[in-house]
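K.L.:
The structure that follows is given in the form of structure tokens.
The values are calculated or read from the model by the stated rules, or taken from the named source; none is laboratory data. This one's a predicted model, so the numbers in the text were calculated from it and none came from an experiment. Glycine also receives a Cβ, built like all others from the backbone with ideal geometry; neighbour counts cover every protein chain displayed. Protein only, heavy atoms only, side chains kept; ligands, DNA and RNA dropped before computing areas. Shrake-Rupley method; radii C 1.70, N 1.55, O 1.52, S 1.80 Å.
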Amino acid sequence: LWRWHHLASGFVVFCGLGMLLAAFQFGDHHAYQAHAALTDNVTGYLWADPVGWISLNDINSPSPGGGGGSYGVTVDLVTREMTGFAWSDNSGWICFGSSCAAHSDCNGTTPGGALAAYVNSGSGLLDVHGWAKVCNEGDKGWISLNCSDPGACGVFPYKVVYNSTTKTFNGVTSHSTPNTSSLAWNGASDGSGFGYVDFEYANLNSAAENPPESNCNDGMDNDMNGLADCEDPACKATATCAQVPGVKDYQGNWRCHNGIDDDGTGIDCASVNCKTDPSCQEVPTNSDFVHSGYSLSGLPMCADSIDNDHNGQIDCMDTKCAGFPACPAVGEPACVDSHGNPLGTFACCHNGIDDDGDGKIDCADTSCQTYEPTCTPAWLQAKFGNVYAQQGITGTATKPSTATYCLTSQGSITGFTSAAGCSEASSAPISLPTGATGYKGTLGSLDIPGILAGRYGKVVNYLPANGAPLNGLVYHLTGDVTLNATQFKNAVASTDRGNGLLIVEGNLTITGNTTYAAATGITALRQLASFGVIVKKDSRTDSGNITIQPGVTNLVGAYFAENTIHTGTNGGTDVALEVSGLFAAYNIDLQRNFHSADTPAENVIYDGRAVANPPPGMADVSKSLPASREGF
């Protein structure tokens, strides 16, 4: 049974589970000679049942039929582009990729994608993509190298794979029929064509990356194993890759400071050959080199607990570190053990001792805050939207924040700075909806009576189900309510609703992460999962609060509290909290004490769902928020 697919160009690709023995008429090949580059590096043969062997290089011995003259196929070792010509005594020239444009008989418009052929970069099993062409067959001659390419068959997963270990165009170790990792396809709508073209007997004759030394400084991955030049173990012993102090490598980077273990004796300063290099001296101005894939610290060399210059003296024990802020008697990290050896910044900043005698102990010392990551103050980040609080926003005394917009409150803002955007007390009164004002405020209004009467969605008296759509419902509960870990799915049909509102009269405690399912298959915004929470006061004074347990790391949704939102803390080193949505409350109590220079303790990311598909009854409040285009 064959599946067929009409393509926009009129070309038809057939897919099946066996070889196609197609009716095929062969034209006479032209007299011109096809010359690829002198560095033709693809050898061996292709096989197609209707025509037999196809030679990829005129150096093949024997060359079937002896025809074709001078020809060859090449994979460029830098661009991975596959070009050149192959020869069949039965069907003539077969061009690859952009080489097809060299002759009018071979040129033309591919069934899909550019006129190109190439091997993916990297190491291991690499997919081959693009097109080749039997020149004598015109538009019927196109050969697809990968079923996943535009215009190629999308049903049977044939493709050509290059194995960088065996240097063959075959992704398996033994032959199978059909071998889906070595097959290309040629077939036309009238039943003619080669059918499957097998690359299993094709090889890449790449030059090993070892002496002569020109192969270790040419910028190419000559043996296509994913490692170029000095990064290839075959080049480690060459003079080209020696780590010589004060000498640049072939790419213009200092050999002792390029992030590469050039000669196999250690990366940069870790190599004994680099101990006298200026960049490896433990002086206040030098830092460890940081390179992707390597584990160097990136810390100042006078504070990394490494004897960088191999002179037996580490960090502050090295006289060349004199004047470094962390060395005696300037900073807390100067502490030493009973033998006078530095203990490292973590031990020095957590030993309860004023090591440098400046009256500040451990993380209270500015030197610990600078050089010890665990002493970094907890900080807030708000992306793409405001954090609104009527009464005030409070945090620890040293807690900074970064805001894309503003931290805005009618009350005071204490313990915060803003690295982006602004932090300001509003000159105009800001009021959030409360029971005393009929749930009307300067940022919009909440029609609580209408919500509870079912005006915006059917009211039910239970919590949203985990792993199910919200279905446009209003989930109404009274008293103290606990929300555990819950995922909200999108609505299935375009006429269904993916939004929902949890309204609590009392207090809400959140004990687990809330998440949205992936937004796939969405055809209408009303299908998009969008969760809202309103917590209003009941008869108790201390109600209308949202309390997030300290173990919660991720929340989604729009959260409104008539009283206070507490982000939660265990009193020690907390985990970070990320909120995809928005916070609005009378008070916002940011309690997390997560310490990291790169990750905020609380990160509020406005995701735009409150505007794109507002939860039931929250549309008016969402009007004051940034437009959805600002949140994506």
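K.L.:
Return the FRET efficiency for the residue pair I361, T319: r is the Cβ-Cβ distance, R0 is 30 Å, and the value is rounded to the nearest 0.05.
P.N.:
Once rounded, the FRET efficiency stands at 0.60.
K.L.:
Considering only Cα-Cα distances, which of the following residue pairs are longer than 26 Å: K133/K167; K275/K360; K458/K537; K167/K248; K236/K320; K159/K489?
P.N.:
Beyond 26 Å between Cα atoms: K275/K360; K167/K248; K236/K320; K159/K489.
K.L.:
For V460 and S494, what does the FRET efficiency come to when R0 = 22 Å and r is the distance between their Cβ atoms, rounded to the nearest 0.05?
P.N.:
Once rounded, the FRET efficiency stands at 0.40.
K.L.:
What does the charge count near G312 come to, summing +1 for each Lys or Arg and -1 for each Asp or Glu among other residues with Cβ under 13 Å from its Cβ?
P.N.:
Result for the neighbourhood of G312: -3.
K.L.:
Okay, moving on. Given the Cα-Cα distance of A518 and K167 and 0.36 nm per residue of separation, how much length would full extension add, in nm?
P.N.:
Extra length available between A518 and K167 comes to 122.4 nm.
K.L.:
Please go through the stretch 453-535 and write out the trypsin sites (Lys or Arg not before Pro) that DSSP classes as loop and that have at most 14 other C-beta atoms within 10 Å.
P.N.:
R455, K458
K.L.:
Any idea how far the Cα center of the stretch 82-138 sits from the one of the stretch 184-259, in Å?
P.N.:
Here the answer is 22 Å between Cα centres.
K.L.:
A follow-up question, please. Give me the 1.4 Å probe accessible area per residue for the stretch 441-511, excluding ligands and nucleic acids, in Å².
P.N.:
Here the residues of the stretch 441-511 average 42 Å² of exposed surface.
K.L.:
Could you compute the FRET efficiency for H350 and N273, with r as their C-beta to C-beta distance and R0 at 45 Å, rounded to 0.05?
P.N.:
It comes to 0.75.
K.L.:
Quick one: length gained pulling V575 to H310 fully straight, 0.36 nm per residue minus the C-alpha distance?
P.N.:
That pair, V575 and H310, stretches by 91.5 nm at full extension.
K.L.:
With label points built 7 Å along Cα→Cβ from the Cα atoms of D190 and R540, find their separation and express it in nm.
P.N.:
Placing both labels 7 Å beyond Cα along the Cβ direction yields 8.4 nm.
K.L.:
Distance between Cα centroids, the stretch 453-475 to the stretch 559-580: provide it in whole Å.
P.N.:
25
K.L.:
How far apart, in nm, are two points set 7 Å out from the Cα along the Cα-to-Cβ line at N107 and at N554?
P.N.:
5.3
K.L.:
Extending each Cα 7 Å along its Cβ direction at L525 and Y250, get the distance between those two points in nm, one decimal.
P.N.:
Distance between label points: 5.7 nm.
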